[in-house]
Amino acid sequence: MDRFLFLSLDGLSRGAVYAAFALALVLIWRGTRVVNFAQGAMAVATVYLAYSVSSATGSYWLGFASALVGAALLGAVVEVVVARRVHDAPPLNAIVVAIGLVLLMQAVLGMVYTNEYLAFPAPFSQTAVVFGVSPYDLFVFAVVGVLLVLLTVLFTRTPLGLRMRASAFAPEVSRLLGVDVALMRTLGWVLAAVVGSLAGLLVIPTELGLHPTAMDDIFVAAFTAAVVGGLDSPLGAVVGGLIVGVLLSWVGGYVRSDATPLAVLVLLVGVLLVRPGGLFAAPRARKV
């Protein structure tokens, strides 16, 4: 029983990190109808920025803030320079461009920072205090909860969120109604990059360290979480992240650690077969 409780709580703490990154994927999907496969590489680039600033100043929080600011600028640049060229192209074009961007960014980061793992600290202790939960775990839970509330309010209670969703679903109609679709898309990329950077700042201290490919496995788990919960649902992203985290913890603890990728694949395929839109997908209107 103690082992089950420990694995479950450990899975929830890992799942909260997956949920934070899944929220970034949901955000850009709701704002632009694009799945950004370069989200992980962009997040790692901003964490490297935080590492550089923190090392130079000795302040973790100054590096933290610089990463979020850098993420906003990087998101805007990527959208204007790269993504805007393929917005109206077939979906495969955007995927190929994103993969190319991943390879480019990882190569540049490797040349600048080398391919060795660098230690990136956590702002709070990661030593378990109660039931295997550390102060850092509580910090992650709090950040994910705040993100969930803010994104839900943004897309359901604000005119800006409505314009972003309208621009994603019906860009031509939105233009006729006076919405600056290009600006809304850029804003979607900026917000998603900031949330992705925040997720990277949360997850890197729990992994082996900072590396150009440090977010690759996290991206797979977070993408699975977003699909399981539903790409249109921030709540679904959080629930999906927790499900994936607990599942990986159980499989790694009771079966073997190298079986976790297979568990993620089985979960993804199972949900897509039973409920393709995700567990929290909104019902679709019937066409007659």
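The values are calculated or read from the model by the stated rules, or taken from the named source; none is laboratory data. Just so we're clear, the structure is a prediction, and the values are computed from it rather than from any experiment. Cβ: placed from backbone, ideal geometry, glycine included. Neighbour counts: every protein chain shown. To get the accessible areas, we keep the full protein, side chains included, count just its heavy atoms, and leave off ligands, DNA and RNA. Shrake-Rupley method; radii C 1.70, N 1.55, O 1.52, S 1.80 Å.
When Leu5 is tested against (1) of a type in the set (A, V, I, L, M, F, W, C); (2) at pLDDT below 85; (3) closer than 21 Å to Leu202 by Cα, exactly one condition is not met: (3).
Scanning segment 4-20 turns up no residue that is surrounded by fewer than 24 Cβ atoms within 10 Å (Cβ to Cβ), among the charged types (D, E, K, R) and either free of Cβ contacts under 8 Å to residues at least 40 places away in the same chain or in contact with a Phe, Trp or Tyr (Cβ under 7 Å, 6 or more places away or on another chain) (or both).
In summary, Gly178 fulfils each of the numbered conditions (1) open to solvent by 20 Å² or more (accessible area, probe 1.4 Å); (2) in contact with a Leu (Cβ under 6 Å, 6 or more places away or on another chain); (3) at positive phi with the single exception of condition (2). What are the residues in segment 69-85 that are surrounded by 19 or more Cβ atoms within 10 Å (Cβ to Cβ) and either more than 19 Å from Ala168 (Cβ to Cβ) or of a type in the set (A, V, I, L, M, F, W, C) (or both), if any? Answer for segment 69-85, where residues must be surrounded by 19 or more Cβ atoms within 10 Å (Cβ to Cβ) and either more than 19 Å from Ala168 (Cβ to Cβ) or of a type in the set (A, V, I, L, M, F, W, C) (or both): Gly70, Ala71, Leu74, Val78, Ala83. Looking across Val179, Val102, one residue alone is of a type in the set (A, V, I, L, M, F, W, C) and assigned to a helix (DSSP H, G or I). It is Val102. Here Val34 clears all of (1) under 15 Å from the mean Cα position of the chain (by Cα); (2) of a type outside the set (Ser, Thr, Tyr); (3) over 27 Å from Thr186 (Cα atoms); (4) not in a helix (DSSP H, G or I) except the condition numbered (3). Would you check if there is a residue in segment 52-71 being touching a Gly at 6+ places or on another chain (Cβ under 6 Å) and within 20 Å of Leu202 (Cβ to Cβ)? Taking every residue of segment 52-71 in turn, at least one turns out to be touching a Gly at 6+ places or on another chain (Cβ under 6 Å) and within 20 Å of Leu202 (Cβ to Cβ).
Figure legend. Inter-residue proximity from segment 148-166: first residues of a type in the set (Ser, Thr, Tyr), second residues crowded, with 18+ Cβ neighbours inside 10 Å, beta-carbon distance below 7 Å, spacing 6+ or different chains. Indicated pairs: Thr152/Pro234.
Applying the set (1) assigned to a helix (DSSP H, G or I); (2) farther than 17 Å from Ala43 by Cα to Phe219 leaves exactly one unmet item: (2).
Name the residue, out of Phe139, Phe124, that is aromatic (Phe, Trp, Tyr) and open to solvent by less than 60 Å² (accessible area, probe 1.4 Å).
Sole residue among the options that is aromatic (Phe, Trp, Tyr) and open to solvent by less than 60 Å² (accessible area, probe 1.4 Å): Phe139.
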